[in-house]
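J.: Shown below is the structure under consideration.
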Amino acid sequence: MSQSIKMVDLQGQYLRIKSEIDSAIQGVLDSTAFIQGPQVAQFAEALSKHNQNCSIVTCANGTDALQIAMMALDFKPGDEIILPVHTYVATAEVIALLGLKPVFIDVDADTFTIDVNQIEEKITSKTVAIVPVHLYGQCANMEAILKIAAKRNIYVIEDAAQSLGAEYTFADGKMMKAGTMGALGTTSFFPSKNLGCFGDGGAIFCGDAKLTERVKMMANHGQKVKYQHDVIGVNSRLDTLQAAILLVKIKYLDEYTRKRNEAAAFYDQQLNSVDFVSIPVRAKNSTHVFHQYTIKVNSGNRDHFKKYLEEKGIPTMIYYPIPLHYQTAYKMDGFGPGSFPVTEQLSKTVISLPIHTEMTNDELMYICSTIKDYPRHA
Ligand SMILES: *Cc1c(COP(=O)(O)O)cnc(C)c1O
């Protein structure tokens, strides 16, 4: 049994809906409409329905989605963008690539999302946007972020690559989905994401019609009318095969989220009393879609613990082992050890356990009892 535990079970998930997926793929092959086939628009519509009718522009991957969003907002080289330092590199990468300046902020030690108490002090006359990352599957403190952004007249671009379907509840009771709260939001359909395709894919969530047109234009060579290029854009498309696969899978997204939550609840219940780890803290006002189930190893050596689990047939991952301000490409003068203490600590203590839509109670039980049996002082 321990042999079969996977971090993510893409094969099991596929086999469950194989006939539907296979016929969707065959349909695209039969039509040979590989680019901009009807499934692309159909999927965008299905995704919009799943996200409060927010307008959607699909693109080639989640990194492109971030880049296109920033291009659409017309930022100028040297403009500053605030983002959490505990995130996947893509968030910082596109900022730097566009000649903008990433301004890192530490994260909250409990929720792993941007520490909203540190944002305002980093805002300057050059700040144009905040990019909260809804890390591991739950929303950042959007109430506070949107308030700061409105007060300082800057944009919010949500990186919802890990949080598709998560719901945030504002103080007035209004509920909104991850990615739909800022001026723009972005997501990814990388195979292991909560809604994964069989290759690369991404989408941008657009707040208003004017911005939607601009995003569409940026993703399509800067043209509104064919062969008329008003601005410099990129070529970034979700291909029809991926759209056809996603069109099948989106029907199951809520069920997938439920299964991830069931696995998380099992872990919570079993690991709550294990004194050397702490289980994920639920963010206030957000549901969790558990892209990752990430615990902290509070005492002892995380890497030793990881090796122990590996020897017992339990795969784990570290998101993220090296903070961005330590990365050669993103080093900045004046930032080193101690600059972002929470993130630095998390890089040494976090460990993500297997979580996916096909997990069995036997697997979960085996993982939890193996953790409980960890000979910590050996
Ligand atoms: C996966 C991910 C991305 C990038 O998505 P790709 O489709 O792989 O380009 C961006 N941001 C975060 C937080 C991610 O997890």
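Each reported figure results from applying straightforward, stated rules to the coordinates on display, with no laboratory input. Computed from a prediction, not measured in an experiment: that's the story for all the values here. Here the Cβ positions follow ideal geometry from the backbone for every residue, glycine too, while neighbour counts run over all protein chains shown.
J.: Considering only Gln118, Gln138, Gln67, give the residue with the highest GNM mean-square fluctuation for the chain, with springs between Cα atoms whenever their separation is below 10 Å.
T.: Among Gln118, Gln138, Gln67, the largest GNM mean-square fluctuation belongs to Gln118.
J.: Over region 52-122, what portion of Cα pair distances is larger than 15 Å, expressed as a whole percent? If you can, show how the numbers build up before the last one.
T.: On the way: 1470 of 2485 pairs.
Value for region 52-122 (Cα pairs over 15 Å): 59 percent.
J.: For the chain, what is the charge dipole size about the Cα centre, in debye to the nearest 20, if Lys and Arg each add +1 at the Cβ and Asp and Glu each add -1 at the Cβ? Working shown, then result.
T.: On the way: 36 positive and 40 negative charges, 54 e Å.
Magnitude of the dipole: close to 260 debye.
J.: What Kirkwood hydrodynamic radius, in Å, does region 253-372 give when the mean of 1/r is taken over all pairs of distinct Cα atoms and then inverted?
T.: For region 253-372, inverting the mean 1/r across all distinct Cα pairs yields 15.7 Å.
J.: With +1 on each Lys and Arg Cβ and -1 on each Asp and Glu Cβ, and nothing else charged, work out how big the dipole of region 253-372 is about its Cα centre, in Debye to the nearest 20. Walk me through the intermediate numbers first.
T.: Values: 13 positive and 13 negative charges, 59 e Å.
Roughly 280 debye for region 253-372.
J.: Additional query: Rounded to two decimals, what is the ratio between the C-alpha radius of gyration of region 313-378 and 2.2 N^0.38 Å?
T.: On the way: Rg = 16.7 Å, N = 66, 2.2 N^0.38 = 10.8 Å.
For region 313-378, the normalised Cα radius of gyration is 1.54.
J.: How far is it, in nm, from the label point at Lys174 to the one at Lys147 when both lie 7 Å from their Cα along the line to the Cβ?
T.: Distance between label points: 1.5 nm.
J.: Suppose the Debye formula is applied to equal point scatterers at every Cα of the chain; what is log10 I(q)/I(0) at q = 0.07, 0.13 Å⁻¹?
T.: Relative scattering, expressed as log10 I(q)/I(0), comes to -0.31, -1.08.
J.: Label 7 Å along Cα→Cβ of Ser299; region 350-376 residues with amide nitrogen under 14 Å?
T.: Only 375-376 fall inside the zone, counting backbone N under 14 Å.
J.: Something else now. Considering the chain as a Gaussian network with a 10 Å cut-off on Cα pairs, which listed residue, Gln162, Gln242, Gln36, attains the greatest mean-square fluctuation?
T.: Gln36
J.: How much of the DSSP bridge set in the chain is antiparallel, in percent, rounded to the nearest 5?
T.: Working: 26 of 40 bridges.
That works out to approximately 65 percent antiparallel.
J.: Please report the spacing between the Cα centers of region 137-176 and region 317-378 in Å, no decimals.
T.: Comparing the Cα centres of region 137-176 and region 317-378, I get a distance of 25 Å.
J.: Which order results if Asp30, Asp172, Asp106 are arranged by neighbouring Cβ count within 10 Å, fewest first?
T.: Details: Asp30 9, Asp172 6, Asp106 22.
Listing Asp30, Asp172, Asp106 from fewest to most nearby Cβ atoms yields Asp172, Asp30, Asp106.
J.: Within 10 Å of each residue's Cβ, count the other Cβ atoms and sort Phe205, Phe112 from fewest upward.
T.: On the way: Phe205 31, Phe112 28.
Exposure proxy ranking, most exposed first: Phe112, Phe205.
J.: What residues have an amide H closer than 5 Å to that of Val281, excluding those fewer than 5 places away on the same chain, when H is modeled at 1.01 Å from N in the peptide plane?
T.: It is none; the list stays empty.
J.: Work out, in µm²/s and without decimals, the Stokes-Einstein translational diffusion coefficient of region 167-292 at 37 °C, 0.692 mPa s, Rh from Kirkwood over C-alpha pairs. All intermediate terms of the calculation are to be shown ahead of the outcome.
T.: Details: Rh = 17.5 Å.
Stokes-Einstein gives a translational diffusion coefficient of 188 µm²/s.
J.: So, one more: In what order do His304, His288 fall by count of nearby beta-carbon atoms within 10 Å, going from fewest to most? Don't skip to the end; give the middle numbers.
T.: Values: His304 12, His288 23.
Result, fewest neighbours first: His304, His288.
J.: Same structure again: Under 27 Å between alpha carbons, and skipping anything fewer than 8 positions from Lys312 in its own chain: which lysines qualify?
T.: In chain and number order, the partners are Lys6, Lys193, Lys259, Lys296, Lys348, Lys372.
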